[in-house]
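What follows is a short report on a single structure.
None of the figures in this text is laboratory data; all of them are computed from the coordinates on show. Everything numeric here is computed off the predicted structure, so don't read it as measured data. All Cβ positions, even for glycine, are placed from backbone atoms using ideal geometry, and neighbour counts span all protein chains on display.
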Amino acid sequence: MQKPMKIGVLTCVLLSILGLFFFSNNVTGAAKQTLTTVYSKAAPTGLDDPMWVKIKALEVPFDGKEKFAGKKTSVTTKAVFTDSEIHFWFNWKDANMSVTKEAWTYDGKTWSHLKGDEDRISLLFEINRINNFATKGCAVTCHVPPGAPNAKEGKFGTATDAEKGDLWHWKAARSDPAGYADDGYLAKISDTKGGRKGDAGKGGDRQNMTADKSKPMYMLAPGKKLAKNGILLAGDAVEITDYSVFKAGDVVTFRMPVAAEGSFGDIKAVSRYADGAWTVLLSRKLDTGHDDDVAFNPQKKYSFAMALFDDSKDQDSYDSEALTLEFKK
Amino acid sequence: MAETEFNSMEKRLPNFAARGGFAKLLQVEVPADSICWHRFFGALQLALVFLLFLSGALMAFAYTPVPGTAYDSVDYFQFSLSLGNVVRGVHHYAWNLLLVVMGLHLLRALIVGAYKAPRRIVWISGVAFLLLMPLFIISGDLLPWDQKGYWSTQVRFSIIASIPVAGDFLVQLFRGGPLTGIVALTRLYVLHILLLPCALVLLIGLHFYFMATRGLSGPLPGKLIPRPKVPFMPAIVNRWLAVFIVSAIGLGLVAWQWPAALGDPADPTDSAFIPRPEWWVLFLNQLVAIFKGPFMVLGSAIIPGGLALLIGALPFIDRSPERRPSKRMGVMVATAVVLAGLTALSVMGYVEHFMRPEH
């Protein structure tokens, strides 16, 4: 190669490096938090895997809505991904572990429901772009201002058929004891129905009550053990034939988690409540191959939003702003 | 004698064009020093333009110029189609690199006095080429319909609107209405993929034509030596192909490793989004920031417009036949002052937009 040509090629390479330095910057404007999920060859072994200590956490602020209006909280969030899976680690303070979910209690004469709901955390990703979700998050799907096409009191959903979200919903009483988070999706809202739907397959929970709704219908089957936090799983339940076995003060699960199958059970969950805080680990395949799930491409960035429910119903939540999920290899 | 040698190509290329024929092209000879390193920028520029046309054409196959859907189509192209991220990345890096290379090409011509007669028109066509680039960028930035592109376009429209007399008309021409929506996107798309490329091809053609008829600038006076010649085909063409291939592979690898960013979809209601200016426009943003209110026109139009006019008119300002830089201290000092000013403003802009905590 002639000398001028060598110099030319060298200049080309130098300019490329120069260009890279200048132009590969990530141009963003207004502050939007980014959760960076870092690559790991091996999946985390659990909540206490040493890798979680090394990973930089993102402290995500949450603002209270409805009965929590004016209150604030935060969730420490970390994430890792492997060649095939993604794992989210969450930790948030909660003074009380709430797993009651209207469980039955017996006073020696009659059955009644205990007061109390459950703690939950949910994540919403876009499967197909939801208009303005990237900038406004849950404000365009769950807390929609009056007048919006998907504004329906008490119901969630998107405004059009083209918009679709992937909803991950960890429930301390109704899904976690069975080892998963509900995998659902958010579709177009209709006049009669909300847009929140469960993924294909089996899962969720079964209500434990008799036809007249006066007492529980199922109890723990002989030889079985109650699941985490004293929850009765639907798969471990047997129909009650003799109510005399119960004594005053007994508590029986009302919403029994059903073992998840198919796309509904894509999100595996591990959790612990200790020292006044929940620690939750959610794991899923990067690409489940199901069209009701977001398929994560590590080259791409994703918008998502989170909501926290502290022993409360759907509308009473703490919501995050829209966040960005990025992959770093 | 030397000037005759330099202009050997000018006598042949028009004849070739008139008579046609591949055989004639084989006879064209150019001075061997036309492939020296400091003429490398022109070849690289042409290679980058080809890469931009090629990658742009590929992207156009998947693009839909409708707000919202435009974003989805770019997202689909980049993340769902094989090598889509590479093609879009090459397009992204190529135009950025093109700006750098064009600047160096122009600077080289300025330093060696290549703008002087009889090559004034070559210089002017080159400057026109350079001035076309901002239009390419303004029109291209909106096409992905992402936050950065949308809000950068809004900022640019507001800067253009501050130009006296023509400002509002130009914005109306680009935008086609009071809001940046589907009309603006369609107009900028047509501008970006049809009108501007046609203008660019025309300017490149004219640049080459004038170069052929007016000749390549030779070595600086005092350095005249007998110049060997090389055939245009294959020596020049092969070297250009090598530059093209190296550029394509180099940019492809860069794009593969560091894909071009695609931000959030545009949300016209999210006025909290503050776009960070691109590196090449930092100085202009800083000028606009310095001259505020009624003086904004100084930063947005008068100073940059005056500078562009000054560069274009340089051959008519510096009329002496002297080409040696050491004998043209006035032009050299003025160039250094302008470059220092642009650099200082760019650094100030960088600090303002990239290092302040509020960003």
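Points worth noting:
- Each Lys or Arg adds one and each Asp or Glu takes one away; over the other residues whose Cβ falls under 12 Å from the Cβ of B:Phe316, this sums to +2.
- With Cα atoms, 0 to 90° folded angle of helix B:329-350 axis to chain B main axis: 20
- Considering only A:Met306, A:Val294, A:Met219, the residue lying farthest towards the positive end of the dipole of the range A:54-328 is A:Met306, judged by Cα position with unit charges set on Cβ.
- Every helix of 4 or more DSSP H residues in chain B counts as -39500 (n - 2.57), and over all residues that averages to -20000 deg cm²/dmol at 222 nm.
- The range B:225-354, relative contact order in percent, only Cα pairs under 8 angstrom and at least six apart counted: 31
- Cα gyration tensor shape of the range B:190-331, rounded if a/c is under 1.5, else prolate or oblate by comparing a/b with b/c: oblate
- Helical mean residue ellipticity (222 nm; -39500 (n - 2.57) per DSSP H run of 4+; nearest 500) of chain A: -2500 deg cm²/dmol
- Most mobile of A:Phe304, A:Phe264, A:Phe296 in a GNM of chain A (Cα contacts under 10 Å): A:Phe296
- Neighbour-count ranking [beta-carbon atoms within 10 angstrom, fewest first] of A:Lys67, A:Lys300: A:Lys67, A:Lys300
- The distance linking the range B:103-143 with the range A:71-124 is 63 Å (Cα centroid to Cα centroid, whole angstrom).
- Applying the criteria of a DSSP loop state and at most 13 other Cβ atoms within 10 Å to the trypsin sites (Lys or Arg not before Pro) of the range A:159-195 yields A:Lys193.
- Counting beta carbons within 10 Å around each of A:Ser175, B:Ser125, A:Ser74 and listing the fewest first gives the order A:Ser74, B:Ser125, A:Ser175.
- Mean-square fluctuations from a GNM of chain A, with a 10 angstrom spring cutoff on Cα atoms, peak among A:Arg120, A:Arg255, A:Arg206 at A:Arg206.
- For a straight C-alpha distance cut-off of 14 angstrom, the aspartates and glutamates reachable from B:Lys148 (same-chain residues fewer than eight places away being disregarded) are B:Asp264, B:Asp267, B:Asp270, B:Glu278.
- For chain B, the longest site-free run once trypsin sites (Lys or Arg not before Pro) in DSSP loop states with at most 11 other Cβ atoms within 10 Å are removed: B:1-222
- Once C-alpha pairs closer than 8 Å and six or more residues apart are averaged by separation and normalised to the residue number of chain B, the relative contact order reads 29 percent.
- Principal-axis tilt of helix A:3-23 within chain A, Cα atoms, nearest 10 degrees: 30
- Mean separation of Cα contacts under 8 Å, 6 or more apart, over the residue count of the range A:54-328: relative contact order %: 27
- Three-way shape call for chain A based on the alpha-carbon gyration tensor, with the a/c threshold at 1.5: prolate
- Cross-link pairs exceeding 25 Å in C-alpha to C-alpha distance, out of A:Lys136/A:Lys197; A:Lys41/A:Lys285; A:Lys41/A:Lys202; A:Lys71/A:Lys171, comprise A:Lys41/A:Lys202.
- Cα-centred dipole magnitude for the protein assembly as shown, charges only on beta-carbon of K, R (+1) and D, E (-1), debye, nearest 20: 3200
- Straight-line cross-link partners of A:Lys193 among the aspartates and glutamates, defined as a Cα under 12 Å from its Cα and at least 8 positions apart when in the same chain: A:Glu153.
- The distance linking the range B:291-313 with the range B:318-349 is 18 Å (Cα centroid to Cα centroid, whole angstrom).
- Its Cα centre serving as origin, chain A has a Cβ charge dipole (Lys and Arg +1, Asp and Glu -1) of approximately 860 debye.
- Using alpha-carbon coordinates, inclination of helix B:120-141 to the longest axis of chain B, degrees: 20
- Cα shape, the protein assembly as shown, gyration tensor, a/c 1.5 rule: prolate
- Note, ³J(HN,Hα) from phi for the range B:64-75, Karplus 6.51, -1.76, 1.60, rounded to Hz, x at Gly and Pro: 10, x, 10, x, x, 5, 4, 4, 4, 5, 5, 4
- Backbone phi angles across the range B:298-309, fed through the Karplus curve with coefficients 6.51, -1.76 and 1.60 (θ = phi - 60°), yield HN-Hα couplings of 4, x, 8, 10, 5, 5, x, x, x, 5, 4, 5 Hz in residue order; Gly and Pro are listed as x.
- The phi-based Karplus calculation (6.51 cos²θ - 1.76 cosθ + 1.60; θ = phi - 60°) puts the 3J(HN,Hα) values of the range A:204-209 at x, 9, 10, 6, 9, 7 Hz, whole numbers, x for Gly and Pro.
- Debye, to nearest 20: dipole size of chain B, +1 on Lys, Arg Cβ, -1 on Asp, Glu Cβ: 1680
- Cβ crowding within 10 Å, taken as a proxy for footprinting-reagent exposure, orders A:Thr253, B:Thr186, A:Thr141 from fewest neighbours to most as B:Thr186, A:Thr141, A:Thr253.
- Whole-angstrom gap from the range A:195-238 to the range B:56-102, using each part's C-alpha centre: 51
- In the range A:54-328, a dipole from Cβ-located charges (positive for Lys and Arg, negative for Asp and Glu) runs towards its positive end, and of A:Ala259, A:Gly184, A:Leu58 it is A:Leu58 whose Cα lies farthest in that direction.
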